[in-house]
Structures are given as C-alpha cells and as structure tokens.
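*Asks:* The following block contains the structure, expressed as structure tokens.
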Amino acid sequence: MIGRVVISATGRNELTDRLVVSGGAVGASLAFVAAALTGGGVWIADGAAGTLSLLVAGSTLGGLVAGMMLGGRIGRRLSRLAVAAQSRTGFHDAAAAFRLEGEDAAGRLGRSVAELLDHLGAGYDEMERHSRDLVNNAERVAQLGSACRDLIADRSEWSEGFHAILGLTPGQCQPSPEVFLDCVHPADRDKVWELWSMVLAGGAAKGTDFRVVRPDGEIRTLYGRSEVVRASSGQPIRINSTIQDIGERKRLEDELDGLIRELWRSNEELEQFAYVASHDLRQPLRVVGSYVSLMEEDLQGHLTGETEEYMAFVRDGVRRMDRLITDLLTYSRVGRTSADRPVSIADSLGAAMADLQFEIEDAGAVIRILDPLPTVMGDESEMERLFQNLLGNAIKYRRPDRSPDIRVACADLGGAWGISVADNGIGIPPEHAERVFGIFQRLHARDEFEGTGVGLAIVKKIVERHGGSIRVQPAEGGAVLALTWPKMRPVVEEN
C-alpha cells in the first residue's frame with residue numbers, strides 16, 4: 001500500500017534474535033582480541049610465567065564480560081531498527097520509530113533513515129492532497145460522487161461529491177449502507193438493495209436510476225452504479241460505487257421528447273393537410289376547366305381574338321395549378337405509403353426511361369449508363385420517381401444548340417453507393433446549389449422553362465428518407481447531381 005514502509009518480509013522475532021546473537025558474537029570477539037593484547041603486554045613487563053597466566057585469564061574473563069554487555073547493547077539497538085523497518089505504518093510513524101538516541105553508528109543510521117522517511121512522507125501527503133483535490137473538482141463538474149465499502153473491515157468511505165449529492169456534510173454522519181438507504185426514496189429502496197445483492201452474488205457491474213430525498217426535502221434523480229472487487233480466492237473484499245445527479249439531464253430529455261412528439265404531430269398534421277388540400281383542390285379545377293371548354297364550344301365562332309386569348313390563359317392556369325397540386329400531393333406522399341424492399345437501381349432507371357420515352361425522343365437525348373448499378377433497400381415507386389425527376393430535369397434544362405448527353409455513374413463509397421447524374425445542359429450556378437432543393441424554388445421564368453419547382457425537393461426527400469444525401473457537384477458545361485444511398489446489410493444465414 002502506498003505510504004507504508006516495508007523493508008523485510010521475514011518474521012520480526014527471527015530477525016531480532018539473529019541481530020542479538022550477531023551483536024553478542026561481535027562484542028565477544030572484540031573482547032577476546034583486547035584481552036589477548038592486554039595479557040601479552042603484561043607478560044613482557046613482568047617476565048614471570050605464573051603472573052602471566054593469572055593476568056591473561058583475568059583479562060580474558062573481563063573482556064568476555066565487557067564484550068557480552070557491548071554486544072547486547074548493539075543487538076538491542078539493531079533490534080529496534082529491525083522492528084521499525086518491519087512495522088507496516090505510515091511514513092511519519094516509521095520515521096519516529098527509526099529515531100535512536102546516541103552518537104554511535106546505529107543512532108546515526110536511524111536518524112538518517114528517519115529524515116529520509118520524513119521527506120518521503122511530506123511528498124506523499126502533498127501528492128495525496130493534490131490527487132484528492134483533482135478528484136473532488138472532477139466530481140463537482142460531472143456531478144458525480146464515489147464511495148467504497150470495505151467488506152473485510154466493515155467500513156465505508158464517501159467522497160465530498162457523494163456527500164454533496166445527498167445533501168450531507170462530510171463528518172455529519174458515519175458513512176454506511178444504512179445511512180445511504182435512509183437517503184433513498186422509500187419507493188426505490190428495494191430496487192437499490194436488489195442491485196447490491198445481484199452485484200455481491202457474483203454478477204457484473206450494474207447500474208440503475210433511482211431517487212433520493214435530501215435533508216431539505218428536495219427529491220433528486222440519480223444514476224447509481226456498483227461493482228464488486230474480489231480477492232484471488234474469489235471472496236468479495238470491496239464494493240466500489242458511483243452516483244450521478246441526472247436530474248437536469250432528465251429534465252432536458254423530457255423536454256426534448258416533448259418537442260419531438262410535438263414535431264411529429266405537427267409534421268403529420270401538415271402532411272395530412274397537404275394531402276387533403278391537394279386532393280380537394282383538384283375538384284374545383286376540374287369544374288373550371290370543364291366549364292371553360294363548354295363555353296368555348298357554345299361560343300365558337302362568336303369569340304373575338306382577345307376573348308380566345310383570355311380563354312387560353314384560363315386553360316393554361318388551370319393546367320399549371322393542377323400540375324402544381326399533383327406535385328404537392330406526390331411530395332406529401334413520400335414515405336407515407338412506402339414498402340421498402342430490395343430494389344434494383346437498373347430496373348428503376350429503366351422504368352423511368354420508359355415513362356420519359358416521348359421526351360427523350362423529342363429532345364434527341366442520349367442516356368449512357370457508365371457503371372453497373374447495384375441493388376439497394378428502398379421503395380420501388382419512389383426510386384422510379386427519383387430518376388424520372390433527375391432525367392426529366394436533365395432533358396428539360398438543355399442547351400438549345402445541342403442534344404442532351406446524360407451520363408449515369410456509380411461508385412462504391414464503402415458504406416454507401418455514390419450515384420451521379422451528369423448532363424451537358426445549362427448547369428446550375430454555384431450560389432443556387434442549395435436553393436434548387438427547396439420546394440417551389442425556381443431559377444427560371446415560366447416562359448423559359450415549365451415546371452413547378454417541386455421536382456428536386458421530391459428527390460431530396462426520397463434520398464434523405466432512406467438515409468442518404470444529395471448535392472450539386474461543381475461542373476463545367478452542365479450539371480452534376482450526386483447522391484449517396486446506404487448499402488444493403490448482408491443477411492447472415494443461421495445454421
């Protein structure tokens with residue numbers, strides 16, 4: 001564990017005994033040498049053999065006694081250092097244990113180690129305070145709180161963020177599962193307890209939403225997650241838990257869900273209105289057109305040139321209004337009655353070319369398919385309508401001095417197909433590259449080119465409904481409309 005001093009892994013008593021014996025042996029050896037030297041010196045001075053023997057024996061005995069006393073003292077001081085080295089305690093407590101009195105080698109060694117441990121302890125304390133501040137700041141920003149339950153020591157620790165979310169002050173109460181459950185809303189306590197039980201039973205980390213009641217009565221919605229830490233034997237030793245205040249997120253999610261529901265309702269109402277209005281408006285137009293034709297038949301030969309011109313204006317207005325309503329009806333139907341299934345783009349393109357056969361022959365248009373066309377997921381009728389509008393625009397907006405040359409290409413873009421329809425017509429100015437996809441948006445006067453300004457809006461709606469996109473690519477001498485269409489997901493056959 002960080003902040004603990006562990007120097008030796010051997011038993012404390014064994015190391016102490018060995019140090020005492022070693023110290024005694026060292027002291028005895030030193031004493032014997034000293035006694036021998038002393039005896040030798042006396043023999044030289046005295047010169048008598050009997051006196052030499054007595055002095056040698058006495059000096060040896062005295063040296064042995066002094067050596068044993070010195071060795072015992074050294075052994076005891078070394079034993080204190082060994083005990084301090086083996087103590088599993090903090091840096092500062094270990095430093096205090098290493099401080100020995102005296103100016104001998106053991107005392108100086110102990111004080112040097114104590115100073116080193118003091119420096120290490122100060123550095124560790126500063127690092128721990130810095131780490132705690134970082135964690136508290138991170139929890140405060142994320143509205144998180146963390147807790148740890150030591151199952152062996154039966155002790156819980158809560159972070160400052162954990163206390164703050166529950167509306168408690170650190171030190172106000174002793175953290176425990178019981179105190180936490182008291183903070184949980186009564187209707188959610190069984191759910192939280194069941195979560196803990198499942199985690200302890202050996203399941204993976206789990207989380208759930210629940211409510212807490214703060215001391216001031218405020219109810220907050222939290223997300224809690226717990227996971228168990230096990231020893232190598234599989235025994236649970238600790239539960240790590242986190243809680244997050246998700247009240248603001250829940251509020252925003254509820255508001256967003258309400259807006260989405262309102263948007264869907266409004267969109268459905270608008271589409272229904274467009275469908276009904278388009279259908280109902282066509283009947284009065286038919287009546288107007290029919291009566292204009294009857295008036296022309298009844299007054300045939302009695303109409304002046306000016307009156308006939310007025311009648312032509314009425315017929316043209318009825319025709320254009322009918323076409324506009326028809327296009328609006330088509331636009332509103334996109335996605336309403338679709339039946340997506342695998343659709344061959346080549347077949348849809350062929351059907352569109354067949355529908356436009358008269359226009360193609362009249363304009364002398366050439367349509368070239370440059371690449372093999374894939375099969376995609378979509379609605380067959382919508383795919384045909386898409387190519388009818390793209391090819392129809394390429395034919396309509398042609399240059400008067402050349403026949404339309406239309407090229408259809410396809411490229412594999414990885415997760416989607418890239419399909420482009422290029423022509424050699426009048427082109428689309430870059431500043432109008434987005435505008436052309438808007439409904440009822442026209443770039444030319446009616447006397448130049450007929451149309452309602454709905455065709456490309458229908459194309460864009462069809463493409464986006466299927467998860468693709470469409471844009472105008474910059475080109476010289478014509479226009480290029482490029483679209484992407486998602487690929488079909490491969491079907492995995494089960495054995």
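*Asks:* From 303, 324, 294, 285, grab the single residue that is in the same structural domain as residue 271 (by TED's automatic domain parsing), over 23 Å from residue 275 (Cα atoms) and at pLDDT below 80.
*Replies:* On the way: 324 fails: over 23 Å from residue 275 (Cα atoms); 294 fails: at pLDDT below 80; 285 fails: over 23 Å from residue 275 (Cα atoms).
Just a single option satisfies the conditions, and that option is 303.
*Asks:* Hey, among the residues in segment 195-243 that are in contact with a Gly (Cβ under 9 Å, 6 or more places away or on another chain) and among the aromatic types (Phe, Trp, Tyr), which one's surrounded by the most Cβ atoms within 10 Å (Cβ to Cβ)?
*Replies:* Among them, the one singled out is 210.
*Asks:* Among the residues of segment 227-280 satisfying the criterion of being under 31 Å from the mean Cα position of the chain (by Cα) and among the small types (Gly, Ala, Ser), which is nearest to residue 151 (Cα to Cα)?
*Replies:* 231
*Asks:* Okay, next question. For segment 87-206, which fully contained helices (runs of 4 or more DSSP H) count at least 1 residues that are modelled with pLDDT under 70 and under 21 Å from residue 223 (Cα atoms)?
*Replies:* Numbers: elements: 91-98, 105-142, 160-166, 177-183, 189-200.
Helices (runs of 4 or more DSSP H) meeting the threshold: 105-142.
The values are calculated or read from the model by the stated rules, or taken from the named source; none is laboratory data. Computed from a prediction, not measured in an experiment: that's the story for all the values here. All Cβ positions, glycine included, derive from the backbone under ideal geometry; neighbour counts span all protein chains shown.
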